[in-house]
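Undergrad: Sharing a structure here in structure tokens format.
The values are calculated or read from the model by the stated rules, or taken from the named source; none is laboratory data. Just so you know, these numbers come straight off a predicted model, no measurement behind them. Positions of Cβ are backbone-derived with ideal geometry, glycine not excepted, and every protein chain shown enters the neighbour counts. The protein model used for the area step is the full one, side chains on, heavy atoms only, and it has no ligands, DNA or RNA in it. Shrake-Rupley method; radii C 1.70, N 1.55, O 1.52, S 1.80 Å.
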Amino acid sequence: MKFQSIKTSKLSKKEINQIISLKDSHWKFGRKSQISWFKKRVLANDVHNLMIINGKIIGYTFLGIRSFRKYKSKHDIKEMKYTLFSTLILKKKFRNLYYVSKMMKFNNKIILKLKKPSFLICKMNKVNFYKFYKWQKLRKKIYSIPDHKTNFEGMVFNFNKKDKYKYLFYFNL
């Protein structure tokens with residue numbers, strides 16, 4: 001088993017096809033939809049974490065470099081970069097604690113290496129899973145995602161959250 005963290009601009013066509021196939025094995029939107037997502041949402045400097053066994057990608061996480069705003073008032077606004085954590089997936093026969101734990105530890109290591117905070121959204125039943133890997137849940141009152149509608153929970157890692165601030169996370173640039 002080996003891990004790789006690769007920017008979009010360095011991915012080969014073979015790697016992109018394996019990522020699309022892996023995503024399509026879990027989310028049944030079809031390959032065409034997965035290709036469309038990749039073309040519309042993935043930027044050249046975004047990061048793709050890969051878990052590889054025998055030359056095949058069996059685990060994948062998307063880390064998109066995006067912007068967020070931290071503010072107290074309309075006169076106190078700071079725009080910063082963050083890492084959007086998305087698409088944690090493992091091939092079906094590898095979806096057990098051993099492999100997912102290895103993948104999450106690698107993801108957190110790369111996020112720390114990028115020196116940016118990270119944000120994800122997840123269903124309520126996944127909150128404790130991410131908490132186990134040192135992610136923190138945000139209160140819904142202190143954040144919003146203006147360009148993405150969701151009822152999911154927001155969580156952060158490597159993030160110095162202060163309740164006196166509100167946060168606007170953008171999924172698209």
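Undergrad: Within the stretch 39-58, how many residues turn out to be under 14 Å from the mean Cα position of the chain (by Cα) and in a helix (DSSP H, G or I)?
TA: 1
Undergrad: I'd like the full set of residues that are in a helix (DSSP H, G or I), touching a Ser or Thr at 6+ places or on another chain (Cβ under 9 Å) and crowded, with 16+ Cβ neighbours inside 10 Å, limited to the stretch 95-136.
TA: Within the stretch 95-136, Met103, Met104, Phe106, Asn107, Asn108, Ile110, Ile111, Leu114 qualify.
Undergrad: List the pairs whose first member sits in the stretch 21-50 and is at negative phi, whose second member is part of a loop (DSSP other than H, G, I, E, B) and of a type in the set (S, T, N, Q), and whose Cβ atoms are under 9 Å apart, counting only residues at least 6 apart or on separate chains?
TA: Lys40/Asn172; Arg41/Asn172
Undergrad: While we're here: Only residues that are among the basic types (Lys, Arg) and either farther than 16 Å from Leu90 by Cβ or open to solvent by 40 Å² or more (accessible area, probe 1.4 Å) (or both): list them for the stretch 16-55, please.
TA: Correct list: Lys28, Arg31, Lys32, Lys39, Lys40, Arg41.
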